[in-house]
Amino acid sequence: MTSGPAEPKLRVPDTREEALDPAWLSQALASVGQGAPVTSVEIVEVIKTVATKIRFKATFDGAAGTQDFCLKGLLDADEMTKMGGSTCVLEGDFYLKLAPKLNVQVPEAVAVVTDREAKQSVLIMRDVIAAGGRFCSALEAFTVDDAASSLSQIANLHAGGQALLESTPWVTPRIASLGRMPHMTAEILQGLLDGPRGDNLTPAVRNGARLIAGMQALGDKDAGRPQYLVHGDSHAGNIFRTAKGSGLIDWQVLQRSGWAVDVAYHLCAVLPVELAETEERNLLNHYLELGRGLGLTLPDAEEAWLQYREAVMYGFYMWGITRRVAPDITVQFTDRLGRAVMRHDSHALLGVA
């Protein structure tokens, strides 16, 4: 167990300019700046998807010197985007309440500023890249050894998280609700699948109504199975590597569900299709061995293989509905996961005609 980030009582900034204001940062970073004011801020990199991530250097007056950080929040966002602020609050709560209790490598969070009434939060972390780490690219093909390394982090999360679930009612099941979002209709999803992301899929899998039905069926099955603390978005772009090994970032889809959701999503997203076809069951068995060694009670090999093949539907749905990510990334992940659904006949396993 390690100490968690500070939780200063400040206004959550709405814009990039407000977030990088030295006066605001002086208060937000007081716990690491030895109480000294921030005298200057240098932007290193800005990455904007749904949330904005800003890598920056903050120079403090005095002995605290210059330090490297990454700030994440919904900055300069339109009203529709800001409606997703509850996911930022969820991620902030993960770093405040759970990360210090888990044996999972994550970026070191130094401050979380949250407005619970407005459902907005900003997270400030140490800059992983400046410290010598490397983020995996969403388009980077993993080797078997790469996937085994990140699976060890997923197993650690599941094993450490089970003991915490009873005291974390704010971590909720999400598969069923994601599959029943009123604004994601079969017609809208079909329009997305009719684009390049669905080009290599059979008509039966490239079917918006069937995909929604599959996600709903998975949610119904999953609700009756043992629950774990799961990452929920374990694609390659959310993995980083340091001298200590693999780590996990982006906890905005944190949830409780069956273990297979993380494992199937991860392996079928990060491995090229040809490699997944030959190695995924071996890697699944590797996860099962790791999990049992950490004290998890997991199903036997055949039942685990069944749950894995069903759970592929989750990742396919998550990328099928994605709209605010670069097209080449969306196409890559939807294709890999959709072809896994084809390979495993996941619809039939879930009872979807």
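Derivation of every value follows stated rules applied to the coordinates shown; laboratory data play no part. What you see is a predicted model, and the numbers here were worked out from it, not measured in a lab. Reconstructed Cβ throughout: ideal geometry from the backbone, glycine too, with neighbour counts over all protein chains shown.
Other residues lying with their Cβ under 11 Å from the Cβ of Ala311 contribute a combined charge of 0, Lys and Arg counting +1, Asp and Glu -1. For segment 263-333, trypsin sites (Lys or Arg not before Pro) are listed when DSSP marks them as loop and at most 13 other Cβ atoms sit within 10 Å of their Cβ; the list is Arg323, Arg324. Here segment 152-300 is treated as an ellipsoid with the same Cα gyration tensor; its semi-axes, largest first and in whole Å, are 27, 20, 15.
Around Ala176, with a cut-off of 9 angstrom between Cβ atoms, what is the net charge of the other residues, counting Lys and Arg +1 and Asp and Glu -1? The answer is 0.
Determine how many Å³ per residue the convex hull of the Cα atoms of segment 94-213 encloses.
So the per-residue hull volume is 194 Å³.
If we count every other residue with Cβ under 9 angstrom of Pro107's Cβ, Lys/Arg +1 and Asp/Glu -1, where does the sum land? It works out to a net charge of -1. Here the Kirkwood formula puts the hydrodynamic radius of segment 1-69 at 12.8 Å, using every distinct Cα pair.
The H on the amide N of Val44, modeled in the peptide plane, is under 5 Å from the matching H of Arg55, Phe56, Lys57, each at least 5 residues off or on a different chain.
Charges were assigned to the Cβ only: +1 to each Lys and Arg, -1 to each Asp and Glu. The resulting dipole of the chain about its Cα centre is roughly 360 debye. Looking at segment 101-204, the chymotrypsin sites (Phe, Trp or Tyr not before Pro) that sit in a DSSP loop and have at most 16 other Cβ atoms within 10 Å of their own Cβ are Trp170. Under the membrane-span-like helix rule (DSSP H runs whose alpha carbons stretch at least 15 Å along the helix axis, mean Kyte-Doolittle hydropathy 0.0 or higher), the chain yields 208-223, 259-270. Placing unit charges on each Cβ (+1 for Lys and Arg, -1 for Asp and Glu) gives segment 77-127 a dipole about its Cα centre, and among Gly84, Val106, Ile124 the Cα reaching farthest toward its positive end belongs to Val106. For segment 288-353, the alpha-carbon coordinates run over 40, 31, 15 Å along the three principal axes, in decreasing order. Shown in residue order for segment 70-76 are the 3J(HN,Hα) couplings computed by the Karplus curve 6.51 cos²θ - 1.76 cosθ + 1.60 at θ = phi - 60°: 9, 10, 10, x, 8, 9, 6 Hz (x for Gly and Pro). Give me the tail of P(r) for segment 219-353 as a percent: Cα-Cα pairs with distance above 26 Å. Taking all Cα-Cα pairs of segment 219-353, the fraction more than 26 Å apart is 19 percent. In the chain the Cα-Cα distances spread across 10 Å bins starting at 0 as 5, 25, 33, 24, 10, 2, 0 percent of all pairs. Contact order, relative form, for the chain: 17 percent (alpha carbon pairs under 8 Å, 6 or more residues apart, mean separation divided by residue count).
Taken over the C-alpha atoms, segment 230-301 has Rg and Dmax values of 12.8, 34 angstrom.
Taking the empirical scaling 2.2 N^0.38 Å for compact globular proteins as reference, segment 1-159 has a Cα radius of gyration ratio of 1.08. Here is the list for segment 103-173: trypsin sites (Lys or Arg not before Pro) lying in DSSP coil, each with at most 15 other C-beta atoms within 10 angstrom of its C-beta, are Arg116.
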